[in-house]
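Just so it is clear, none of the values below were taken in a lab; they were calculated from the coordinates. Keep in mind that this is a model prediction, so the values were computed, not measured. Positions of Cβ are generated from backbone atoms using ideal geometry, with glycine treated the same way; all protein chains shown enter the neighbour counts.
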Amino acid sequence: MNIIHRPEWIIPEREATSEEVFFNRRRFMKGLGAVGLGLAAGGPAMMNSAFAQDSKDPTLGLYPAKQNAEFTLKRAITPESVTSVYNNFYEFGSHKRISGAAQALNIRPWAITIDGMVDNPQTIDFDDLVRKMPLQERLYRHRCVEAWAMAVPWTGFPLSELVKYAGPQSGAKYVRFETFQDSDVASGQRQFWYPWPYVEGVTMDEAMNEMAFIATGIYGKPLLKQYGAPIRLVLPWKYGFKSIKSIVKITLTDQRPVGFWETIGPSEYGFWANVNPDVPHARWSQASERLLGTDERVPTQLYNGYEKQVAHLYKNVKGQNLYR
Ligand code: MTE
């Protein structure tokens, strides 16, 4: 693999911002009115403890699911010991070490509302929904807009199956997703300057694409809370902020959803957010990525390596930035 020289904006793990310094910086940024552009600012510090699976999880028996041989990888899988303690989940803090705080999230019972332009609007319990879906394991790359990357075995089902289950009406053009809101357990949601709840959306064509996936598990087990338990989106050809966690509401609509990050910084984080090494973020290059758990930097690939599967979705989209 090609190792790329570190551009100036990359800092080695050992020099990463400590939490204290980071929070002081955030207060400073807030004072400047520059809040919300912090997606890239969190220091990638690591914790050593992973978290045990809940032995009472009622879906434990569904895992591991059979691997779908069409979705494998040439890249090595990133160890769970790395990915379970390095997460973006702003509901629990605007840094990477949220795995401890995320354990406060109560994921049972977990109701999911399906509404909007659908024939079968309903509120369904997660444990019922997951049993109606064709669970399978897929190995996917994940590329964060902050230029770190991982490769993980998700378990879940195609988003298209959920859309079909909802019974989409002909006027529906987008699928909008919403995360829980409960500032009693999610201290990040007490940071009033963020536009809670976290929202994301995709077009119907994107939702029906074979790559769009709903994850309920990872590493052959139900999702740990820090990954967005019990149910999250996975869109491997887009920057990671599109892959919304801990979903409570799915709405089919004819209005283009405005995502959490798009609301905060539309010139930096847009609706499309497709991975492209040649289109830099407003403040840093996207040409390469750091593989979590290694010192390796590798070139980023167009659509994160999924060009064949998704490029056709965008051939008629004109006059918009597809890559932010
Ligand atoms: N979903 C919610 N609700 N809140 C978040 O802060 N962060 C996003 C995405 N989904 C986020 C979210 C970002 S920026 C990334 S890179 C991925 O989750 C990180 O997923 P991981 O922690 O499982 O690696």
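Worth pointing out:
- Cβ-based net charge around residue 273, under 9 Å, with every Lys or Arg adding one and every Asp or Glu removing one: +2
- Length-normalised contact order for region 93-236 - Cα pairs under 8 Å, 6+ apart - percent: 27
- Sorted largest first, the spans of the alpha carbon positions of region 204-294 along the three principal axes are 42, 35, 26 Å.
- Residue-count net charge about residue 229 - beta-carbon cut-off 13 Å; Lys, Arg +1, Asp, Glu -1: +1
- Ratio Rg/Rh, restricted to region 13-314 and using Cα atoms, in which Rh is the Kirkwood radius: 0.93
- Each part gets one Cα centre, and for region 73-113 versus region 276-324 those centres are 23 Å apart.
- When you count the other C-beta atoms within 10 angstrom of each residue and take the mean per peptide, 200-207, 131-138 line up highest first as 200-207, 131-138.
- For region 137-146, the Karplus equation 6.51 cos²θ - 1.76 cosθ + 1.60, evaluated at θ = phi - 60°, returns couplings of 9, 9, 8, 10, 6, 9, 10, 7, 4, 7 Hz by residue, with Gly and Pro reported as x.
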